[in-house]
Amino acid sequence: MLLSFANSIAVQSRARALVPLCVGAGAYLFFLHVGDTLLQDSDSFWQIKIGQWILDHGAMPFTDFYSFTRTGESWISTSWLSQVLFAFSHAQWDWAGPVILTATAVALTAAIFVHLLDAQIETPRAVLFAMLALLLSQSLNHVLARPHILALPVMVAWVGLLMAAADRRSAPSWTWLPLMALWANLHGGFVLGLALIGPISLEAVEHAGKGQRLSLFLRWVLFGIAALIASCCTPYGWNTLLGATNILSLGELLSVIFEWMPANFAIFTWFEGALLGLIAFGYYRGLVLSAPRNFLILFLTWSALTHVRNIEVFAFLVPLVLAKPLGEMVPRPPADAAGTDRWPARTITALGALMIVAASWTSTSLYMGHHRFTFTMTHMPVAAVDLLEQRKVQRIFNAYQFGGYLISRDIPVFVDGRAELYGEKFIMDFFKATEGKKPELLPRLLDEYKIDATLLVADAPGPQILDQLRGWKRIYTDDIAVIHVRDNAEGTAAPTTSK
């Protein structure tokens, strides 16, 4: 229905600017409706906690003060602006705030995406690409209330504008540099935007006139240097760039954290279907691309195959790279330029935009009136943590996914989602010890860090190992978490079970 509506607007009306807004509004209402699915990652807890700390202190964190294993060590928050936005929205509207913020970011992404594609291909096809990109992203369960989603519209706008400049065989406008500065303050993924400047510039230079190539190349080089400088316009300066790249040095650890795992084709996925469809379409239509565009497609595909978190990058950026070749294969009808500039068309567009925004806000208010957004309970061991607080436990050996929740309760953690802080060896030893791959590591870690109690996932091997470990006793079990304490701990009680 959305596709036919967009087609009707594009063909019968001169107010074509409404189409991206309609797509954005549709995306917003959909993700608002499924808002509870956006609250499924415990990292959201510590993201909000850090944002609230920044708001409360009017300062930036430079060292860790949330764990007892890395207290005082150097650490910076490369997503500080996103964290502040999430913290502010959470303080105002509880979990509805992060949901609305995330849904708005997805809506902006879809609207910008359609607007950029609409310059090259017919509007119905642009809308179809947007729907496929959103479907592919949602199927990964990676559309979450986390900083990478707030940076998504900036990424699409940045790459789309660079590709538009390359298609015009010109250099990018320096007025776009604030986008890079914004991206660098929102999320560490801005390094991708810097990396793509090179191959996109080659696309512009390759198709420029022979006498213009050198000057055009130099203008792209200057823009690239300026973009690098813009990316350092953060409270951390140059350290933002260094901090954003630290995650790539975690080696083996990237293979055990879900979002950094390689794509798995053991079962059919939407990503596999998208790849096969892209290959089939290329062969069927005889799609011919320049060398730089081929490199961009291969690079984005390799990134998605290497880390599943990059599949949404693939979904939104590959169509932008293919837009001009696709537009040349299927020429669009000429637009009535004179008609679209008349004041009735502009007035209709403005009124339509206001109506869509008003309808979206009204729908939000009505939905929030009878629906309370809640975080996924499997990441909230509430009863178990209540018991640990009653016992005044000081050092808790917690499961990786419980770290964010403990931070939200102001309890120092053994480990949490800030993998770059803890390092590859530390977290790999933790996983091997608790997953039974090297159970002999578990007693060593418990003694080395003077652990008082453990808080592990109920269905993981770790609790079963502790059941057999001398000097440790299970005192609590429910469907989410298991607690063990040392046998000689004061106040040890009989095991309790909660269902």
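The values are calculated or read from the model by the stated rules, or taken from the named source; none is laboratory data. Just so you know, these numbers come straight off a predicted model, no measurement behind them. When we count neighbours, we look across all protein chains shown, and the Cβ atoms used for this are built from the backbone with ideal geometry, even at glycine.
Kindly establish whether L305 is of a type in the set (A, V, I, L, M, F, W, C) and either at pLDDT 95 or above or not in a helix (DSSP H, G or I) (or both).
So L305 does not fit the description; no.
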Could you list all residues from region 31-68 that are closer than 26 Å to M377 by Cα and of a type in the set (S, T, Y)?
T37, S42, S44, Y66, S67
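Has region 250-271 got any residue that is within 17 Å of P319 (Cα to Cα) and either surrounded by 12 or more Cβ atoms within 10 Å (Cβ to Cβ) or of a type in the set (A, V, I, L, M) (or both)? Steps first, answer last, please.
Filtering region 250-271 down to residues within 17 Å of P319 (Cα to Cα) leaves 270-271.
Filter once more, so that each one left must be either surrounded by 12 or more Cβ atoms within 10 Å (Cβ to Cβ) or of a type in the set (A, V, I, L, M) (or both): 270-271.
Within region 250-271 (the criterion being within 17 Å of P319 (Cα to Cα) and either surrounded by 12 or more Cβ atoms within 10 Å (Cβ to Cβ) or of a type in the set (A, V, I, L, M) (or both)), the answer is yes, since at least one residue qualifies.
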Among the residues listed as G423, G404, the single one being touching a Ser or Thr at 6+ places or on another chain (Cβ under 6 Å) and farther than 17 Å from V485 by Cα
G404
What is the number of the single condition among (1) closer than 24 Å to P61 by Cβ; (2) in contact (Cβ under 8 Å) with a residue 60 or more places away in the chain; (3) assigned to a helix (DSSP H, G or I) that W183 does not meet?
(2)
Does A208 satisfy the condition of being over 26 Å from A145 (Cα atoms), in contact with a Leu (Cβ under 8 Å, 6 or more places away or on another chain), of a type outside the set (D, E, K, R) and at pLDDT below 90?
yes
If we scan region 458-465, do we find a residue that is surrounded by fewer than 20 Cβ atoms within 10 Å (Cβ to Cβ), touching a helix residue (DSSP H, G or I) at 6+ places or on another chain (Cβ under 9 Å), hydrophobic (A, V, I, L, M, F, W, C) and within 23 Å of T376 (Cβ to Cβ)?
yes
Being modelled with pLDDT under 95, acidic (D, E) and under 21 Å from the mean Cα position of the chain (by Cα) is true for just one of E440, E435, E420. Which residue is that?
E420
Residue by residue through region 394-415, note down the ones that are farther than 17 Å from A460 by Cα and either at pLDDT below 95 or out of contact with any strand residue (DSSP E or B) (no Cβ under 7 Å at 6 or more places or on another chain) (or both).
Q394, R395, G404, Y405, S408, R409, D410
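Go through region 149-175 and report how many residues are within 28 Å of G404 (Cβ to Cβ) and either at pLDDT below 95 or more than 14 Å from the chain's Cα centre (by Cα) (or both).
Initial filter on region 149-175 (within 28 Å of G404 (Cβ to Cβ)): 149-156.
Now narrow it down to the ones that are either at pLDDT below 95 or more than 14 Å from the chain's Cα centre (by Cα) (or both): none.
Count: 0.
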Which count do you get for residues in region 285-296 that are part of a helix (DSSP H, G or I) and modelled with pLDDT of 85 or more?
6
Looking only at region 227-242, decide whether some residue is outside any helix (DSSP H, G or I) and at positive phi.
yes
Restricting region 321-367 to residues that are within 15 Å of A119 (Cα to Cα), of a type in the set (D, E, K, R) and in a helix (DSSP H, G or I), the one modelled with the lowest pLDDT turns out to be E328
Flagged in region 361-377 as among the polar types (S, T, N, Q), more than 23 Å from N141 (Cα to Cα) and surrounded by 10 or more Cβ atoms within 10 Å (Cβ to Cβ), in numbering order, are T362, S363
Return yes when A208 is under 26 Å from the mean Cα position of the chain (by Cα) and surrounded by 13 or more Cβ atoms within 10 Å (Cβ to Cβ) and no when it is not.
no
Answer yes if at least one residue in region 446-457 is buried (at least 17 other Cβ atoms within 10 Å of the Cβ) and in contact with a Pro (Cβ under 6 Å, 6 or more places away or on another chain), and no otherwise.
yes
Checking T175, T109, T123 in turn, the sole residue that is of a type in the set (S, T, Y), in contact with a helix residue (DSSP H, G or I) (Cβ under 7 Å, 6 or more places away or on another chain) and farther than 14 Å from A323 by Cα turns out to be T109
Report yes if some residue within region 267-276 is within 27 Å of L128 (Cα to Cα), at pLDDT 85 or above and outside any helix (DSSP H, G or I); otherwise report no.
yes
Do we have F281 as at pLDDT below 90, outside any loop (DSSP other than H, G, I, E, B), within 21 Å of T123 (Cα to Cα) and among the hydrophobic types (A, V, I, L, M, F, W, C) here?
yes
Looking only at region 233-254, decide whether some residue is over 30 Å from F62 (Cα atoms), of a type in the set (A, V, I, L, M) and touching a residue at least 24 places away in the same chain (Cβ under 8 Å).
no
Selection count where residues are within 21 Å of the chain's Cα centre (by Cα) and surrounded by fewer than 20 Cβ atoms within 10 Å (Cβ to Cβ), scope region 223-232:
1
Looking only at region 419-428, count every residue that is farther than 17 Å from F68 by Cα and surrounded by 16 or more Cβ atoms within 10 Å (Cβ to Cβ) and tell me the total.
1
